[in-house]
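Inspection log for the structure reproduced underneath, given as structure tokens.
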Amino acid sequence: MSQSAHAQDLHRFPPPQSLVRSAHVSGRAAYDRLVAEAEADYEGYWARLAREFVQWKTPFTRILDSDDAPFYKWFEDGTLNVSFNCLDRHVAAGLGDKVAIIFEADDGTVTRTTYAQLLAQTCRMANVLKSLGVRKGDRVVIYMPMSVEGVVAMQACARIGAVHSVVFGGFSAHSLRDRIADTGAVVVVTADEQVRGGRSLPLKALVDEALALGGCGAVRNVIVYRRTGGTIAWQPRDLWMHEAAAAQPDICEPEWVGAEHPLFLLYTSGSTGKPKGVQHSSGGYLVQAAVTTKWTFDLHDGDVFWCTADIGWITGHTYITYGPLAIGATEVVFEGVPTYPDAGRFWQMIERHKVSVFYTAPTAIRSLIKAAEANAAVHPDRYDLTSLRLLGSVGEPINPAAWEWYHKHIGGGRCPIVDTWWQTETGGQMITPLPGATTLVPGSCTLPFPGIMAAIVDETGGDLPNGHSGILVIKRPWPGMIRTIWGDDARYRSSYYPADLRGCYLAGDGAARDADTGYFTIGGRIDDVLNVSGHRMGTMEIESALVSCTDLVAEAAVVGRPDDTTGEAICAFVVLKRARPTDDEAAQLAAELRSWVGKEIGPIAKPKDIRFADNLPKTRSGKIMRRLLRSVARGEAVTQDISTLENPAILQQLSQAH
Ligand code: WTA
């Protein structure tokens, strides 16, 4: 055996025998059979899963309709209700007393909600929405902390066929306003405050601010969940959730909707300044959410599942609100942050709730590695993590060093790690190991979920053989896929189905496939989207926020640079309307601009580096040379050809960090 082959073997992790025996997809041969089934009869395969995982009110007779591609339709003539599938059917099956959600508050208080209770709460909330005149197809914006009530608000919308759009609680009033206005929401659901890391932060006040900014004329009511009881301003349109819910019956007949009825809109960043309202379906989405939850996390009776994502992101939608409940699982929902009261919080919660399957983001792992190395008291080795049997990772590439630490210190060397690649637009996991079937290689998300036709192509959509890197595409439509961008069919088509890719879905990531195994390794975005702590941020969005500071900023360019903890860091190059600042002024101005961006978009968008210059490097035709800025941001020597640069002298200025 050659040395490198031997080294590779050390970093291959076959599925543990115990898991192979009991897994839903048991052994590589079982995976291969599913892949072959999907290849032989693509529609038949998905139809089988759709019948197995979803209870339909009216069964579908049509599977995939491609007549109006890329506006694909799945199971179109079937009808269903998503909340019925997540709640009623488990209660009807005798699981009413099973715990659906173990909620742990920021201060450590724990509440348990059974399926029967969750159903009753959802029905009450659905009745509240109905009493306010919310009808099927109306949009409801949810701006909530991590809470049972947040999940209930989403399920209640699903119950009456209203379309929810959850806005992450870290977004500013401006971002919230843009989303409320774009959706044309009639109701906003929020909380008085949210509690994170021992601090109360306003939510309701930001809703008031957002609505005062204008453009949200369709909003009739704001429903407020009382989380802290802190003082808030009260408007005639406001009502307390607990008061309104108490007045409603705990039964609400589900609204049966067609499979293509939109379940939710979720805004995500793209290559332009304006976030896209990704529209998801009811039937196809639920099928993919349910089957991936069951197979990727290999959930069985008795498992306690914990996905640490926020319901404001797609991971929280699919692997908190919908997938786990659709299959009747027990899950942990956590209000707080991983570092409060100390950086042992995750490990302490795993021990306390006997979590068996744990799903988190590489950024959290990397920051907890640092914390554990700095302070032995919060090292995971000090906690009893023996309840764990499976780990997961999502949102960004996990570097092999972090993978190995996660495997060794959290998984005790016995738990497989499912590194799941997917996107807001894909609805559910797309490329991922199945824990009882796939041999793991750190840093690789391995192979497509059975029935997902992922491939790597060149710029013209031509297939590239294994051993090459290129553009990651999905060759055939899949049930959980985005249906359109809300109100912008043309943008949907041009963003995801560009003409030169021969009908393939363009994911926006680069990837490579291993020559021998065909395993995928994701290389990161190939467009102007950054991934900061697993959060997607468009560079153009941050640039427009900076230039909207019209008193100060003349021009701005934003690029990413690698960062040890957050994956990528935001680096902004700014030309001021006044003379370039001295070093002292620069620090002050940078702080001002950071807080400006925080107010415009949200704290997650604040640039880590801000550098001032008299000008930006441009070609003679006026195009900003971003590749060059990326080198400068990384502190690399500029190797690009700068002969077309209008003003080479500014390179010197740009290299000076503040
Ligand atoms: C990145 C999050 C590498 C990727 C579910 C993708 C990943 C973007 C992985 C989507 C992974 C997600 N390995 N990169 N396992 N998972 N990504 O829409 O760049 O917030 O396009 O969805 O995150 O981010 P989004």
Filter region 387-425 down to residues that are within 15 Å of the ligand (Cβ to nearest atom) and among the hydroxyl-bearing types (Ser, Thr, Tyr) and give me whichever is nearest to MET481 (Cα to Cα). THR424
For region 498-525 the number of residues that are open to solvent by 50 Å² or more (accessible area, probe 1.4 Å) and outside any loop (DSSP other than H, G, I, E, B) is 6
Which numbered condition ILE180 fails, given (1) without any contact (Cβ under 8 Å) to a residue 60 or more places away in the chain; (2) open to solvent by 10 Å² or more (accessible area, probe 1.4 Å); (3) hydrophobic (A, V, I, L, M, F, W, C): (2)
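Looking at VAL167, VAL151, which one is β-branched (Val, Ile, Thr), open to solvent by less than 20 Å² (accessible area, probe 1.4 Å), within 20 Å of the chain's Cα centre (by Cα) and under 21 Å from LEU119 (Cβ atoms)?
None of the other options fit; the residue is VAL151.
Identify the residue in region 275-328 that is open to solvent by less than 10 Å² (accessible area, probe 1.4 Å), outside any helix (DSSP H, G or I) and closer than 25 Å to TRP256 by Cα and, among all such residues, is farthest from the ligand (Cβ to nearest atom).
It comes out as GLY328.
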Number of the exception - ASN127 against (1) closer than 23 Å to ALA244 by Cα; (2) buried (at least 22 other Cβ atoms within 10 Å of the Cβ): (2)
Residue among GLY436, GLY467 that alone is on the phi > 0 side of the Ramachandran plot and touching a residue at least 12 places away in the same chain (Cβ under 8 Å): GLY467
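I need a count of the residues in region 52-67 that are outside any strand (DSSP E or B) and either under 27 Å from GLY328 (Cβ atoms) or modelled with pLDDT under 95 (or both).
9
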Give the residue, chosen from ASP65, ASP88, ASP97, ASP106, that is farther than 23 Å from PRO324 by Cα and among the charged types (D, E, K, R). ASP65
Here is a list of conditions, (1) of a type in the set (D, E, K, R); (2) closer than 20 Å to THR190 by Cβ; (3) open to solvent by 40 Å² or more (accessible area, probe 1.4 Å); (4) out of contact with any helix residue (DSSP H, G or I) (no Cβ under 6 Å at 6 or more places or on another chain), and ASP138 meets all of them except one; can you say which number that is? (3)
Determine which member of the set ASP107, ASP97 is open to solvent by 50 Å² or more (accessible area, probe 1.4 Å), in contact with a Ser or Thr (Cβ under 7 Å, 6 or more places away or on another chain) and not β-branched (Val, Ile, Thr). ASP97
Quick one: which residue in ALA511, ALA499 is among the aliphatic types (A, V, I, L, M), away from the ligand (no atom under 14 Å from the Cβ) and over 15 Å from SER271 (Cβ atoms)? ALA499
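The values are calculated or read from the model by the stated rules, or taken from the named source; none is laboratory data. A quick note: this is a predicted structure, and the numbers were derived from the prediction, not measured. Note that we place each Cβ from the backbone using ideal geometry, even for glycine, and neighbour counts take in every protein chain shown. Note: areas computed on protein heavy atoms with side chains; ligands, DNA, RNA excluded. Shrake-Rupley method; radii C 1.70, N 1.55, O 1.52, S 1.80 Å.
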